[in-house]
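Structure provided below as structure tokens; questions to follow.
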Amino acid sequence: MGQYSDMRLILDTNIWSYIGEVGARRELERVALSRHWTICTPPATLLEVLRTSDPARRHRSVDALSSKYWKRLRTEIDSECSEFIAEARRLRPKWVRQLPLPDKPRKLRNFWTWQIWRQATKDHAELANRPTMAKSEVDDELAYGPLKANRDARLESGMKIEDLDSLFLRPDPDMPPYQLLGWKSDLAPVEWWRVDCRDIYMNALRFGDSMRFIDPGNANFGTEITYSDWLGSYLWLDQVTADWDDFGKFWLYEVEKANVPRSWIRSATMAAQMMGKVEISAPRDQQLATYLIDCDVFVTADKRFASALERVRPYCPVPMAEIRCLKGVANNSQVVDLLAEAIS
């Protein structure tokens, strides 16, 4: 990889913490500009930084993220829903609004790519203390529990996952009917990611599961945004949810993996995490992984996360970032030099 070639980078939250701790933002700017790096910053990274309990550390990390030279990315749910909408146009045109209503998604996109960054720079404490941030801690626990239970069950059964393409799910005929929605009568196994995606979207559209997003148009500036807020401007949601069995067929058999790569990556990262020790940060790591088709290189100091991503990368249906893992970087004043060495 050429040292001075144009390159898009995403840095894990732990790297931003190290950069903030040693005050290396300006040095990183200088190196990035000289080497033609485009450093991309997902909203998910900012949200994780805002969860830092120590105000001084949080301030330093926000400052590191706040350079005018960094490229702000769309939120991952915005991008995942865009892929869903495109597949709906291809496979279920009756779901699609002939005249879309893009005003709300446009406002939300503006908020996530500009307004929230400006607000974090002005008053990160106010953002960090909002109820939606506190609830995210509870949501992490709720997501972590089933993931760890699945990993423990895999170990007890002796099941080995050789590769992600070999991971299929066979239903039990005695399952509750809602778990069999969309399955063909022979109940033949289907790829595991398809079941996971079916359930994510079905639960979101049936029960309004939120994504802990802050609604910039709400007077309380703390209302949570749901999948419906992104999808409803382009799809007739009453049509999407009119026949759940058809909705299940859409995900279990018809959607093309290459057309929904972010949803696939989220599910594949979850499966890869179950091959090793599961951390409480696993749900946030899955979220960040969906951005790795937006960059050429991803850098982390988390060996377990790097290992999971290396398991995912060979099976990704679209080009996915190379993974670099920094070692011995904690509180190291040479963090930018270590970063440059890892990337060159």
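Using θ = phi - 60° and the Karplus curve 6.51 cos²θ - 1.76 cosθ + 1.60, what whole-Hz ³J(HN,Hα) does each residue of region 66-76 get, with Gly and Pro shown as x?
9, 5, 5, 8, 7, 9, 8, 8, 5, 5, 5
What are the ³J(HN,Hα) values, in whole Hz, obtained from phi via the Karplus relation 6.51 cos²θ - 1.76 cosθ + 1.60 with θ = phi - 60°, for each residue of region 296-305 in sequence order, with x given for Gly and Pro?
Karplus-based 3J(HN,Hα) across region 296-305 equals 9, 9, 10, 10, 9, 9, 9, 5, 5, 5 Hz.
Given 37 °C and 0.692 mPa s, compute D for region 1-62 with the Stokes-Einstein relation, Rh being the Kirkwood radius over Cα pairs; round to the nearest whole µm²/s.
Diffusion coefficient, whole number: 264 µm²/s.
Mind giving me the FRET efficiency for residue 57 and residue 83? R0 is 41 Å, r the Cβ-Cβ distance, nearest 0.05 is fine.
Once rounded, the FRET efficiency stands at 0.70.
Now, a different point. Taking a threshold of 26 Å on the Cα-Cα distance, which of the pairs 71/277; 277/327; 68/257; 71/104; 104/184; 94/249 fall above it?
Violating the 26 Å Cα-Cα cut-off are 71/277; 68/257; 104/184.
Turning to a different aspect of this structure: For region 51-57, take each phi angle, set θ = phi - 60°, evaluate the Karplus expression 6.51 cos²θ - 1.76 cosθ + 1.60, and give the result in whole Hz per residue in order, putting x for glycine and proline.
7, 4, 6, 7, x, 5, 5
If you don't mind, there's one more thing I want to ask. Calculate the spin-label point distance for residue 36 paired with residue 318, positioning each point 7 Å from the Cα along the beta-carbon direction, and give it in nanometres.
2.4 nm
Moving on. Using a probe of 1.4 angstrom, how much of the accessible area of region 53-127 is carbon and sulfur, in percent?
Carbon and sulfur atoms account for 51 percent of the accessible area of region 53-127.
Dividing the alpha-carbon Rg of region 30-132 by 2.2 N^0.38 Å yields what?
Dividing the Cα radius of gyration by 2.2 N^0.38 Å gives 1.34.
If the chain between residue 237 and residue 71 were fully stretched, how many nm would it gain, using 0.36 nm times the residue separation less the Cα-Cα distance?
56.5 nm
Quick one: order 254, 87 from most to least accessible surface, probe 1.4 Å. The partial results should precede the final answer.
On the way: 254 60, 87 5 Å².
Correct descending sequence by accessible area is 254, 87.
So what does residue 228 come to for accessible area, using a 1.4 Å probe and Å² rounded to 10?
The accessible area of residue 228 comes to roughly 40 Å².
With a 1.4 Å probe and all protein chains kept in place, how do 168, 84 rank by accessible area, largest first?
Correct descending sequence by accessible area is 168, 84.
Give me the extension gain from residue 293 to residue 178: residue separation times 0.36 nm, minus the current Cα-Cα distance, reported in nm with one decimal.
38.1 nm
Accessible area per residue, 1.4 Å probe, Å², for region 23-115: what's the number?
Spelled out: the 1.4 Å probe surface of region 23-115, per residue, equals 48 Å².
Something else about it: Please compute, for the alpha-carbon atoms of region 231-344, the extent along each of the three principal axes and give them in descending order in Å.
For region 231-344, the Cα spread along each principal axis is 57, 28, 24 Å.
Can you give the local net charge around residue 27? Use residues other than it whose beta-carbon is closer than 15 angstrom to its beta-carbon, Lys and Arg +1, Asp and Glu -1. Please report the intermediate quantities before stating the final value.
Details: positive: 25, 26, 30, 35, 60; negative: 21, 29, 63, 337, 341.
Charge balance in the 15 Å sphere: 0.
Taking Rh as the Kirkwood radius, which is the inverse of the mean 1/r over Cα pairs, what is the Rg/Rh value for region 27-87?
Rg/Rh: 1.09.
Dipole of region 276-344 (Lys/Arg Cβ +1, Asp/Glu Cβ -1, origin at the Cα centre): which of 333, 312, 276 lies farthest to the positive side?
276
So, one more: Of the listed peptides 236-248, 264-276, what is their order by residue-averaged count of other C-beta atoms within 10 Å, with the highest listed first?
Answer by packing, highest mean first, reads 264-276, 236-248.
The values are calculated or read from the model by the stated rules, or taken from the named source; none is laboratory data. As the structure is a computational prediction, the values presented were derived from the model and not from experiment. Virtual Cβ from ideal backbone geometry, glycine too; neighbours counted across all protein chains shown. Please note that ligands, DNA and RNA were not included when accessible areas were found on the heavy atoms of the full protein model with its side chains. Shrake-Rupley method; radii C 1.70, N 1.55, O 1.52, S 1.80 Å.
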